[in-house]
Amino acid sequence: MRLPESRLAVLVSLPRNETALAEAARHAGADGLKVHTNVRHRASGTAFGSLDAECERLRPILALGVPTGLVVGAAGSVSTTEMLAARDMGFDYFDVYAADAPADYVEACGPVAAMVALGPGDGPSQARALVRRGAQALELSTLEPERYGTPLTLATLARLEAVASVVDVPVVVPSQHALEPRDLALLREAGAAAVLLGAVVTGADSATFGARIAPYVAAAP
C-alpha cells in the first residue's frame, strides 16, 4: 500500500465512481482514492454494482495515476472471482470488513495489498489476529452507523492507539466522525498512518468536493 512515510496520508473515499470526483480529489492533493463495488455505501447512500457494471467508470479513475483501493463488497456480496479479475486493473489495495471477508480473502488479493476493516467493536486482539492471517493494512471503523457525523472522541483516539500500538501495518481511520482538519494531528499522534475522508466530511457535490478536501491536505501533520 503506497503511503507517504513522513506524514499522515490523506485518502479520499469517492461517494460515486466518477472521474470528476477523482480529479477533484487529485487536484486538492489527496494521496490516494478508494472506490467501491458490490455494496450500498452507508454514508453516501450510493448503491455500487458488480465489477462488470462499474468497470467502465473505474478504468478512467485508475488512469489518473493516483493510488486507488477497491472495496470488494459487503456481507454475502464479495466475489473472489471478481477479485481475481480486478487484480490486473492496477488497484493499490483491496478492502472489506473482516466480518464480511470470505476465508480466502487474503489469498484472493494476490499481489494487491490486503486491507481489512475492523468493526466498531473490534480491538487490539482482533487486529493482531488479522495481521497474523495476512492483513497488510487495517481500516479502523470507529462508529455504529447511527452515530456517524458526531465529533471525534477521546474513546476513538484511545482505541486507535490501542490498535496501532500492537500491529506493524498501516492503520487507516475513516471519517465516520465529523473530523475537522485540526483533528488530523490527534489521529497521527495516536498512531494513524492515514485518514480516509468520506461523505460525512466531503459531501457528494462535485462542485465543492475538492474545496472540502483541501483543508485536510493542508493540515496533515
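The values are calculated or read from the model by the stated rules, or taken from the named source; none is laboratory data. What you see is a predicted model, and the numbers here were worked out from it, not measured in a lab. Reconstructed Cβ throughout: ideal geometry from the backbone, glycine too, with neighbour counts over all protein chains shown. Quick note on the areas: whole protein, heavy atoms, side chains included, nothing else; ligands and nucleic acids left out. Shrake-Rupley method; radii C 1.70, N 1.55, O 1.52, S 1.80 Å.
If I take every Cα pair under 8 Å that is 6 or more residues apart in segment 62-221, average their sequence separation and divide by the length, what percent do I get for the relative contact order?
Details: 254 pairs, mean separation 24.9, N = 160.
Relative contact order here is 16 percent.
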Hey, how many Å between the Cα centroid of segment 133-178 and the Cα centroid of segment 64-114? 20
Shape call for segment 1-123 from the C-alpha gyration tensor, a ≥ b ≥ c root eigenvalues: rounded (a/c under 1.5), prolate (a/b greater than b/c) or oblate? rounded
Please list MET89, MET1, MET115 from largest to smallest accessible area, probe radius 1.4 Å, with all protein chains kept in place. MET1, MET89, MET115
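Could you state the accessible area per residue of segment 45-166 in Å², with a 1.4 Å probe and every protein chain left in place?
That works out to 45 Å² for each residue.
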Could you order peptides 172-185, 94-107 by the average number of other Cβ atoms within 10 Å of their residues, highest first? 172-185, 94-107
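Which percent of the accessible area of the chain is formed by carbon and sulfur heavy atoms (probe 1.4 angstrom)?
Details: 4700 of 9390 Å².
For the chain, the apolar C and S fraction of the accessible surface comes to 50 percent.
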Could you work out the relative contact order of segment 126-221? I mean the mean sequence separation of Cα pairs under 8 Å and 6+ apart, divided by the number of residues, in percent. 28
With the cut-off at 1.5 for a/c, could you classify segment 102-219 from its C-alpha gyration tensor as rounded, prolate or oblate? prolate
